[in-house]
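The values are calculated or read from the model by the stated rules, or taken from the named source; none is laboratory data. Values in this document were obtained by computation on a predicted structure and should not be read as measured data. A quick note on method: Cβ atoms are made from the backbone with ideal geometry, for glycine too, and the neighbour counts reach across all protein chains shown. Just so you know, the surface numbers come from the protein's heavy atoms only, side chains and all, with ligands and any DNA or RNA stripped out. Shrake-Rupley method; radii C 1.70, N 1.55, O 1.52, S 1.80 Å.
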Amino acid sequence: MLPQEIIRKKRDGKTLTSDEVAFFVRGLADESVTEGQVAALAMAVFFNGMSRDEAVALTLAMRDSGDVLAWDLPGPVVDKHSTGGVGDNVSLMLAPIAAACGAFVPMISGRGLGHTGGTLDKMDSIPGYVSQPANDLFRRTVKTVGCAIIGQTGDLAPADKRFYAIRDVTATVESIPLITASILSKKLAAGLQALVLDVKAGNGAFMAKSRDAAGLAKSLVEVANGAGLATTALITDMSEPLASAAGNALEVVNAVDFLTGRMRDPRLAEVTLALAAEMLVAARLSASPVEGEAMARRALESGQAAETFDRMVAALGGPTDFVANCRRHLPEAPVIRAVPAPATGHVIGVDTRAIGVAVVAL
């Protein structure tokens with residue numbers, strides 16, 4: 001096979017075979033395919049799309065470009081992925097809630113992309129926390145604590161890492177089949193038994209229109225299930241920040257306040273509990289979303305979820321008293337100013353993307 005012939009075939013709108021996709025991905029991983037060829041294929045896919053079978057083949061080939069984890073645990077292995085937003089710190093509460101209910105959550109998260117915040121960046125604001133641990137520490141933390149929020153290592157789906165970097169500089173990020181394969185290849189490499197997706201829609205999401213978010217959710221669910229990973233999706237609103245905080249350390253404080261019950265933003269609680277219920281149903285730990293939400297609430301109110309988060313932070317190198325003293329441990333901005341509204345009134349809209357961009361700039 002020749003890379004240029006595979007590019008030509010996709011350029012002309014034809015369907016690639018699984019062997020052709022696998023050949024190209026091997027070239028991605030060993031760099032026998034040039035950056036120009038990768039960019040050309042990405043652009044061809046951007047304009048011509050991919051069938052479900054092509055996207056499944058791409059996902060599996062990228063999964064198999066590196067290590068694929070296998071777990072021997074006394075419970076279900078499940079995770080959640082969000083397509084990204086502003087003030088979206090759900091993962092920080094969701095992983096320990098699900099773990100406190102009996103699930104095992106090896107959560108491999110990403111950094112901020114564009115105007116959206118990254119779960120990994122939030123965890124990196126905790127002093128000492130090892131967000132990219134060696135595999136033995138990762139496995140030990142999941143087994144003993146029940147969850148670990150870490151970043152993608154170089155050994156998990158390395159072909160995706162190179163493909164994404166090239167897509168990022170060639171204006172081909174917003175391709176549904178390529179987004180689908182990128183997200184799912186890492187989740188499949190994590191050895192999950194079930195996955196729940198939080199697909200965002202609104203002016204702070206990559207998919208601003210509901211129909212586009214629905215299209216992405218459909219693609220992700222169909223391809224994941226086609227690749228053998230039981231997956232469901234919720235479409236949630238990102239037309240305003242989810243938490244009443246935006247910024248890495250601020251969102252960690254917000255998450256600790258949520259877990260301890262000190263303060264819970266209503267919209268954030270609604271989304272977090274809905275996703276927790278979905279995860280527990282997917283993990284077969286509850287029979288229905290209603291029962292799953294009740295389990296999640298008990299884990300919160302009993303303090304088990306907060307304790308699980310505390311143990312995870314300590315196991316991965318953070319302070320052993322983090323939940324009790326998070327404000328003391330986290331960095332604080334050198335300049336803090338109140339910006340009061342110039343008049344009384346009601347907020348009728350939020351430029352969520354602009355808030356995300358402002359956080360990135362800060």
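Taking only C-alpha pairs under 8 Å that are 6+ residues apart, what is the relative contact order of region 3-64 in percent? Relative CO of region 3-64 lands at 47 percent.
Partner aspartates and glutamates whose Cα lies under 18 Å from the Cα of LYS161, excluding those fewer than 8 positions away in the same chain, are identified as ASP30, GLU31, GLU35, ASP64, ASP67, ASP121, GLU174. Within a straight-line Cα-Cα reach of under 13 Å, LYS200 can be paired with the following aspartates and glutamates, leaving aside sequence neighbours fewer than 8 residues apart in one chain: ASP88, ASP212, ASP237, GLU240. Here the chain is treated as an ellipsoid with the same Cα gyration tensor; its semi-axes, largest first and in whole Å, are 34, 24, 19. Overall, the accessible surface of region 3-64 at a probe of 1.4 angstrom is composed of carbon and sulfur to the extent of 48 percent. Alpha-carbon geometry of region 266-361: the Rg and the Dmax are 18.7, 51 Å, given in that order. Enter the angle in degrees (range 0 to 90, nearest 10) between the Cα long axis of helix 52-63 and the first principal axis of the Cα atoms of the chain, meaning the one along which they spread out most. Roughly 70 degrees between the two axes. Between helix 266-282 and the chain there is an angle of about 60 degrees, using the helix long axis and the longest principal axis of the Cα atoms.
Pull up the DSSP beta bridges for the chain and report the antiparallel fraction as a percent, rounded to 5. Close to 5 percent. Taking Cα centre as origin and charging only the Cβ of basic (Lys, Arg, +1) and acidic (Asp, Glu, -1) residues, the dipole magnitude of region 3-64 rounds to 240 debye. Based on protein heavy atoms only, region 3-64 ends up with 50 Å² per residue of surface accessible to a 1.4 Å probe.
Taking a sphere under 12 Å around the Cβ of LEU73 and counting the other residues whose Cβ falls inside, with K and R at +1 and D and E at -1, yields a net charge of +2. Sorting GLU278, GLU31, GLU291 by accessible area puts them as GLU31, GLU291, GLU278; the probe is 1.4 Å, largest comes first, and only protein heavy atoms count. The helix-based estimate of mean residue ellipticity at 222 nm for the chain, built from -39,500 (n - 2.57) per DSSP H run of four or more residues and divided by its residue count, is -16000 deg cm²/dmol to the nearest 500.
Per residue, region 102-247 exposes an accessible area of 34 Å² to a 1.4 Å probe, with every protein chain left in place. When the dipole is taken about the Cα centre of the chain, and only Lys, Arg (+1) and Asp, Glu (-1) are charged at their Cβ, what size is it in debye, to the nearest 20? My answer is approximately 180 debye. By a 1.4 Å probe calculation restricted to protein chains, HIS81 has an accessible surface near 50 Å², given to the nearest 10. Dividing the mean sequence gap of close Cα pairs (under 8 Å, 6+ apart) by how many residues region 203-362 holds gives a relative contact order of 25 percent. The C-alpha atoms of region 3-64 occupy a region whose extents along the principal axes are 26, 23, 16 Å, arranged from largest to smallest.
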